[in-house]
Amino acid sequence: MTLFNFWHFLTLAVLLVIYIVGVVVAKKQEKRKIRITFIIALSIIMILFSIFSILAVDKYTKHVELYKFDNKRLLSIEKIVYTGIVRNEGNYPIGEVTLEVKIVNKARQMGARASFFTPSGFAEFFGGGANILYRPQHIVKTFVVAENLQPGQAKSFRVHFDYPAYFKNVSQFAKVYGH
């Protein structure tokens, strides 16, 4: 759930005024069938506009940065640990900071095409009952690393997950999102 700020309330207020004007115009229609259809269509459109406006305001008002991002592999328990600091660089509080880590195996034995092949759901479904032959070549994990981050505030984090033993030459990508 996102924390609302001034811009969220302003956008929702403008959309509410447009909705009220639309309902008033619909009430002036003489035919009841047209009036009901117009109000239902207007309601659906305003709900979609409000969802997209909340997402747009979030994108432009909530800025979070990732600092001192580092990883360590724990070979004894086959896990990888990511540490770092997230900081709210914007002027408004952030309700939830999400870290998305993607690791991609550049398997040399499979050739250059291995990094670009992404199996479809159909291939995964019929890839074997126990998944003995199929080994995913990329893993995407998402973690909530901070909550209720005030403007200028920073918080350190530490997350870990299982590291596939067959990964040899790995590329890592990290993104942070503020909601």
Looking only at lysines whose Cα falls under 26 Å of Lys175's and that sit 8 or more positions away or on another chain, we get Lys59, Lys62, Lys68, Lys72, Lys79, Lys102, Lys106, Lys141, Lys155
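Within a Cβ distance under 14 Å of Leu75, other residues only, what is the Lys/Arg minus Asp/Glu net charge? Show your work: numbers first, answer last.
On the way: positive: Lys72, Arg73, Lys79, Lys168; negative: Glu78, Asp162.
Value of the local net charge: +2.
Taking the stretch 11-53, which trypsin sites (Lys or Arg not before Pro) meet the DSSP loop condition and have no more than 16 other C-beta atoms within 10 Å?
Details: sites: Lys27, Lys28, Lys31, Arg32, Lys33, Arg35; in loops: Lys28, Lys31.
Here the sparse-neighbourhood loop sites are Lys28, Lys31.
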Just to confirm, what accessible area per residue do you get for the stretch 1-82 at 1.4 Å probe, in whole Å²? 75
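Ignoring ligands, DNA and RNA, what percent of the 1.4 Å accessible area of the stretch 1-95 is carbon and sulfur?
Values: 4660 of 6700 Å².
Carbon and sulfur together cover 70 percent of it.
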Across the stretch 91-97, in residue order, what do the Karplus-derived ³J(HN,Hα) couplings come to in whole Hz, using 6.51 cos²θ - 1.76 cosθ + 1.60 with θ = phi - 60° and x for Gly and Pro? 9, 10, x, 10, x, 8, 10
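The values are calculated or read from the model by the stated rules, or taken from the named source; none is laboratory data. Keep in mind it's a predicted model, so treat the numbers as computed, not measured. Here the Cβ is made from the backbone with ideal geometry for all residues, glycine too, and neighbour counts use every protein chain on show. When the accessible area is computed, the model is the full protein with side chains, heavy atoms only, and any ligands, DNA or RNA have been set aside. Shrake-Rupley method; radii C 1.70, N 1.55, O 1.52, S 1.80 Å.
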